[in-house]
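A quick write-up on the structure given underneath.
The values are calculated or read from the model by the stated rules, or taken from the named source; none is laboratory data. From a predicted model like this one, the values you see are computed outputs, not experimental measurements. Because the Cβ atoms are built from the backbone with ideal geometry, glycine has one as well, and the counts that use them run over all protein chains shown.
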Ligand code: ADP
């Protein structure tokens, strides 16, 4: 039988809105696909690098053409470790990507949320000799957000600020709002980011200081995930910085969450 469901339409305005929604959905699907494609390319490149350097050397050892020596083994070990980290991060990133399209939106008191982030990092900052400060408006402001995702973003930004600020420095969390936007900021008095690096820090796998990365665990994915999560809220994640002075990361969220609103009216 005919199992299709008929939705009564109220008039031309509703038809227009439905058409717009469908167009926006297909634009969104296209965006998803491009994103996934670019992701695969980046990762294939990154995964091939350790493999192409390790494989011929191990091969030569197996064939008896090269004697295994401790320095060689150490290098091979490090390349394989990096390989493992990349695979782990790929998993994290694909989780974040899936999260982009499964949002659990709840009305959230942003002042309270910032206070929660502040309380969660106070001890860590103190341990490192950094003063963590909170500058929030007294006026409660609400945003319609996926709480876990915004907490993940803020945590990432605050942990970076603490990581890249030497002892004696300061990290300040700020919340403010306008009629249209909720603004969350994290300012530090740390090492800063050079003008050459700044445009790329949100790119996947980018690290300002490659030598530092070997021992700190991350491979430069945190901020690209954070950006994807903020953009899933139709928000913006931006940074400004001065070398030797410090950095400021800004999360700008729409005061109301609206699915596909980016594309509306286009
Ligand atoms: P990771 O921390 O794993 O390297 P991120 O994506 O979180 O990856 O950060 C990318 C890069 O941006 C870092 O390697 C660092 O060079 C730079 N960066 C991020 N936050 C700060 C900050 N607050 N101060 C200075 N540099 C920063």
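A few points about this structure:
- Checklist (1) part of a helix (DSSP H, G or I); (2) at pLDDT 85 or above applied to residue 42, failing item: (2)
- Restricting 126, 122, 133 to those that are assigned to a strand (DSSP E or B), farther than 20 Å from residue 230 by Cα and out of contact with any helix residue (DSSP H, G or I) (no Cβ under 6 Å at 6 or more places or on another chain) reduces the list to 133.
- Qualifying residue in the range 74-89 (condition: touching a residue at least 24 places away in the same chain (Cβ under 8 Å) and assigned to a strand (DSSP E or B)): no
- Check on residue 115, touching a strand residue (DSSP E or B) at 6+ places or on another chain (Cβ under 8 Å), under 30 Å from residue 141 (Cβ atoms), in a helix (DSSP H, G or I) and touching a residue at least 12 places away in the same chain (Cβ under 8 Å): yes
- Every condition in (1) within 8 Å of the ligand (Cβ to nearest atom); (2) more than 13 Å from residue 150 (Cβ to Cβ); (3) modelled with pLDDT of 65 or more is met by residue 213 except one, and the failing one is (3).
- Residue within the range 140-153 that is assigned to a helix (DSSP H, G or I), out of contact with any helix residue (DSSP H, G or I) (no Cβ under 8 Å at 6 or more places or on another chain) and at pLDDT 95 or above present: no
- Condition check for residue 105: closer than 20 Å to residue 223 by Cβ, surrounded by 12 or more Cβ atoms within 10 Å (Cβ to Cβ) and touching a strand residue (DSSP E or B) at 6+ places or on another chain (Cβ under 9 Å): no
- Of residues in the range 176-206 being assigned to a helix (DSSP H, G or I) and within 10 Å of the ligand (Cβ to nearest atom), the one surrounded by the most Cβ atoms within 10 Å (Cβ to Cβ): 198
- With respect to the conditions (1) at pLDDT 95 or above; (2) closer than 30 Å to residue 78 by Cα; (3) more than 10 Å from the ligand (Cβ to nearest atom); (4) buried (at least 20 other Cβ atoms within 10 Å of the Cβ), residue 166 falls short on a single one, namely (4).
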